[in-house]
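Asks: To start, I am sharing the structure in question, which I have written as structure tokens.
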Amino acid sequence: MFPFPLKLYYYCLILLTAYSVSAKEDIYLKPDTFIEQSFDGVPEQKVLWLTKDTKANIKSVLGRDYQGLRIRYWQLGDRTAWILEEIGKVKPITTGFLIEGDQMLQMRVLIYRESHGWEVRYPFFTDQFTGLELENGNKLNKKIDGISGATLSVNALTRLSRLSLFLHQEVTP
Amino acid sequence: MNLPRKRVILSWHRWMGFLSALFLVVLSITGLALNHTERLGLDSVQIKNSLLLSRYGMSNGTQIKTFRIHRANTVSHLGGQIFYNAHPISNGETPLGIIEGERFTVIATSTNLIYLTSQGELIETANHSQLPFKELTAVGYTPNKKPVLITDTGQWKPDRDWLNFKTYDSSYTVEPLAKTVLSESETDVLLEAFQGGGVSLYRVILDLHSGRLFGWGGRTLMDLTAIAILLLITSGIGGWLRKSRRPPTTTK
């Protein structure tokens, strides 16, 4: 048989090990911790039941049909918190939104499951969402700068921010 | 360079050539086909071979687990998806309990609670971030027939809206969920909904080209073939250069 040098064996081993590293679920902040940190007191957990009209409006905001008839949220006074999910490329990104007086106070990426685009969790990106409001036609009042290599995740989070601001308006007349 | 080392390189060159030849043929043929996808119409050919579909996680009818819901309807679990009749409603594990309440029906799996209307329309899917537990092991009932969730964090009793849960320490009984069997035509409809049109020939050839069709092992084999080809080129050119630099033998 032909000889098999030890060095080449090690190179193969390194190659195989590199491939064993795969995408997994990264929890940056537990959803219940996000809710705890978002309010000074204990918020009330509520549900928004979606009527036909609301679902039609959600479709125009989100760009697709929303699966489900109710959405949970947490409220204390005029402040609401929403934990929403949207698929970036293939897997859902769990995101927390905190809104008060029709203005977004905070956006946090809570759980990220995609293999690429995790840069969206960093403050240089998430800080852009602070102060966001919905204008006429359910458009955001300022542009969200993208991140190269994370376009799909950026788009997903931008869509979700529009949805959360719209839902806040629905529950706080 | 001494003779034994030269022989070792030659032996390596020969064996690598033999071993990588088969993979190189596959790479070349699939590469040629992929280069002419539109002309060959690879995208329009759908494959429904059960062995091949199973490689793509599209399981066949033998793995369907079905339970009765709302009297005449069914809830089925197949390939990580839950179907109401043949309509996909959510991703999830095999149902552990189906609780038909006054306001809505809840399908309980080990990780999710799926809320449905009496017509089978999805209301909400609640996961561990909205529930007081991570894993549900069974669904029980109190003596007055109220549901109890038996979980990794204890027993929980839901409120009317299944939004808030209270701990429950009294007695309960667990009734295993009775399975039912779909008819052949119902199975076909469910499989059609699950598998869609099948897998395109383009997808299969692309995955054969990259080795992904055989999972992690196939992809690694294709990588090793690519590395082997690079080594063959290097050792081949090296050998040729050595020969070309050798002084010509003169005959006396």
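The values are calculated or read from the model by the stated rules, or taken from the named source; none is laboratory data. Since this is a predicted model, take the numbers as computed values, not measurements. Reconstructed Cβ throughout: ideal geometry from the backbone, glycine too, with neighbour counts over all protein chains shown. What goes into the accessible areas is simple: the full protein's heavy atoms, side chains included, and nothing from ligands, DNA or RNA. Shrake-Rupley method; radii C 1.70, N 1.55, O 1.52, S 1.80 Å.
Asks: Which value, in nm² and rounded to one decimal, describes the direction-averaged projected area of the C-alpha convex hull of the range B:1-96?
Replies: 12.4
Asks: Still on this structure: Residues with amide H under 5 Å of B:Thr74's amide H, sequence separation 5 or more or different chain, H placed in the peptide plane at 1.01 Å from N; which?
Replies: Sorted by chain and number, the residues that satisfy this are B:Ile69, B:Asn85.
Asks: Can you give me the distance in nm between label points at B:Ile237 and B:Ser210, each placed 7 Å from the Cα along the Cα-to-Cβ direction?
Replies: Label-label distance for B:Ile237 and B:Ser210, simple model: 2.8 nm.
Asks: Something else: Which one of B:Ser110, B:His13, A:Gly101 is farthest out on the positive end of the charge dipole of the protein assembly as shown, using unit charges on Cβ (Lys, Arg +1; Asp, Glu -1) and the Cα centre as origin?
Replies: Of B:Ser110, B:His13, A:Gly101, it is B:His13.
Asks: How far, in degrees from 0 to 90, does helix A:151-171 lean away from the longest principal axis of the Cα atoms of chain A, to the nearest 10?
Replies: Orientation of helix A:151-171: about 20 degrees from the principal axis.
Asks: Of all the accessible heavy-atom surface of the range A:26-171, with the other protein chains kept in place and a 1.4 Å probe, what percent is carbon and sulfur?
Replies: Here carbon and sulfur together make up 47 percent of the probe-accessible area.
Asks: Share of the range B:59-195's accessible area from carbon and sulfur, percent, 1.4 Å?
Replies: That share works out to 47 percent.
Asks: Then there is this: For the range A:82-99, in order, what is each residue's ³J(HN,Hα) by Karplus, 6.51 cos²θ - 1.76 cosθ + 1.60 with θ = phi - 60°, in whole Hz (x at glycine and Pro)?
Replies: My calculation for the range A:82-99 gives 10, 10, 10, 10, 8, 7, x, 10, 10, 10, x, 9, 8, 10, x, 10, 10, 10 Hz in order.
Asks: Using a loss threshold of 40 Å², tell me which positions in the range B:115-164 are less accessible in the complex than in their chain alone. Probe radius 1.4 Å, ligands and nucleic acids ignored.
Replies: Output list: B:Leu122, B:Ile123, B:Glu124, B:Ser129, B:Gln130, B:Leu163.
Asks: Could I ask something else about it? With N denoting the number of residues in chain B, provide Rg(C-alpha) divided by 2.2 N^0.38 Å, to two decimal places.
Replies: For chain B, the normalised Cα radius of gyration comes out at 1.66.
Asks: Further question: Taking 1 over the mean of 1/r across every pair of different Cα atoms in the protein assembly as shown, what Kirkwood radius in Å do you get?
Replies: Its Kirkwood hydrodynamic radius stands at 26.3 Å.
Asks: What FRET efficiency comes out for the pair A:Ser148/B:Leu10, r = Cβ-Cβ distance, R0 = 51 Å, nearest 0.05?
Replies: It comes out at approximately 0.60.
Asks: Where nothing but the Cβ of Lys and Arg (+1) and of Asp and Glu (-1) is charged, how large is the charge dipole of the protein assembly as shown around its Cα centre, in debye to the nearest 20?
Replies: In total the dipole reaches around 2900 debye.
Asks: What are the residues whose amide H is under 5 Å from the amide H of A:Gly88, where those residues sit 5 or more places off or on another chain and H is modelled from the backbone?
Replies: Hits under the 5 Å cutoff: A:Ile93.
Asks: log10 I(q)/I(0), Debye, Cα-only the range B:59-195, no solvent, q = 0.10, 0.14, 0.20, 0.22 Å⁻¹?
Replies: -0.32, -0.62, -1.18, -1.38
Asks: Where the centre of each part is set by its Cα atoms, how far does the range B:171-190 sit from the range A:101-168, in angstrom?
Replies: Using only Cα atoms, the two centres lie 42 Å from each other.
Asks: Also, I was wondering about something else. In nanometres, what is the gap between the two model label sites at B:Ser185 and A:Trp49, each 7 Å from Cα along Cα-to-Cβ?
Replies: 3.7
Asks: Kirkwood-based Rg over Rh for the range A:32-173 (C-alpha set), two decimals?
Replies: 0.93
Asks: Which whole-Hz ³J(HN,Hα) couplings does the range B:110-120 yield from phi under the Karplus relation 6.51 cos²θ - 1.76 cosθ + 1.60, θ = phi - 60°, glycine and proline marked x?
Replies: Running phi through 6.51 cos²θ - 1.76 cosθ + 1.60 with θ = phi - 60° gives 5, 10, 10, 10, 10, 9, 10, 7, 5, 9, x Hz.
Asks: Along Cα→Cβ, 7 Å out, is where each label goes; now give me the distance between the ones at B:Lys48 and B:Ser170 in nm to one decimal.
Replies: According to this spin-label approximation, the distance is 5.4 nm.
Asks: At q = 0.16, 0.21, 0.29, 0.30 Å⁻¹, what log₁₀ I(q)/I(0) does the range B:186-237 have when each alpha carbon counts as one equal point scatterer in the Debye sum?
Replies: Scattering profile of the range B:186-237, log10 relative to I(0): -0.64, -0.80, -0.96, -0.98.
Asks: Something else about it: Need the list of lysines near B:Lys243 for cross-linking: C-alpha distance under 23 angstrom, and skip anything on the same chain fewer than eight residues off.
Replies: B:Lys6, B:Lys252
Asks: Taking chain A as the reference, fit the longest principal axis to its C-alpha atoms, fit the long axis of helix A:6-20 to the helix C-alpha atoms, and give the angle between the two in degrees, 0 to 90, nearest 10.
Replies: The angle comes out at about 10 degrees.
Asks: Further, regarding this structure: So which of A:Lys89/B:Lys65; B:Lys157/B:Lys179; A:Lys30/A:Lys91; A:Lys52/A:Lys142 end up more than 20 Å apart, counting from Cα to Cα?
Replies: Too far apart for the 20 Å limit: A:Lys89/B:Lys65; B:Lys157/B:Lys179; A:Lys52/A:Lys142.
Asks: How much FRET efficiency would the formula 1/(1 + (r/R0)^6) give for B:Ala21 and A:Asp26, where r is the Cβ-Cβ distance and R0 is 41 Å, rounded to 0.05?
Replies: With a Förster radius of 41 Å, E is 0.45.
Asks: Another question about this same structure. Compute the helix-to-body angle for A:52-62: its Cα long axis versus the longest principal axis of chain A, expressed 0 to 90° and rounded to tens.
Replies: Tilt relative to chain A: about 50 degrees.
Asks: Given the options B:Gln81, B:Gln119, B:Gln46, which has the most mean-square fluctuation in a GNM of chain B, springs set between C-alpha atoms less than 10 angstrom apart?
Replies: Per the Cα network of chain B with a 10 Å cutoff, B:Gln119 tops the list.
Asks: Report the one residue of A:Gln169, B:Thr225, B:Ile98 whose Cα lies farthest in the direction of the positive end of the charge dipole of the protein assembly as shown (charges on C-beta: Lys and Arg +1, Asp and Glu -1; origin at the Cα centre).
Replies: In the protein assembly as shown, that residue is B:Thr225.
Asks: Residues of the range B:210-243 losing 30 Å² or more of accessible area relative to the isolated chain, 1.4 Å probe, heavy atoms only?
Replies: Residues of the range B:210-243 that lose at least 30 Å² of accessible area once the other chains are added: B:Trp216, B:Arg219, B:Thr220, B:Asp223, B:Leu224.
Asks: Given charges of +1 on the Cβ of Lys and Arg and -1 on the Cβ of Asp and Glu, with all other atoms neutral, how large is the dipole of the range B:164-239 about its Cα centre, in debye to the nearest 20?
Replies: Dipole magnitude for the range B:164-239 comes out near 420 debye.
Asks: Taking only C-alpha pairs under 8 Å that are 6+ residues apart, what is the relative contact order of the range A:26-171 in percent?
Replies: RCO, the range A:26-171: 23 percent.
Asks: Another question, if that's okay. Please give the FRET efficiency for A:Lys139 paired with A:Leu76, using the beta carbon to beta carbon distance and R0 = 30 Å, rounded to the nearest 0.05.
Replies: The computed FRET efficiency comes out at 0.60.
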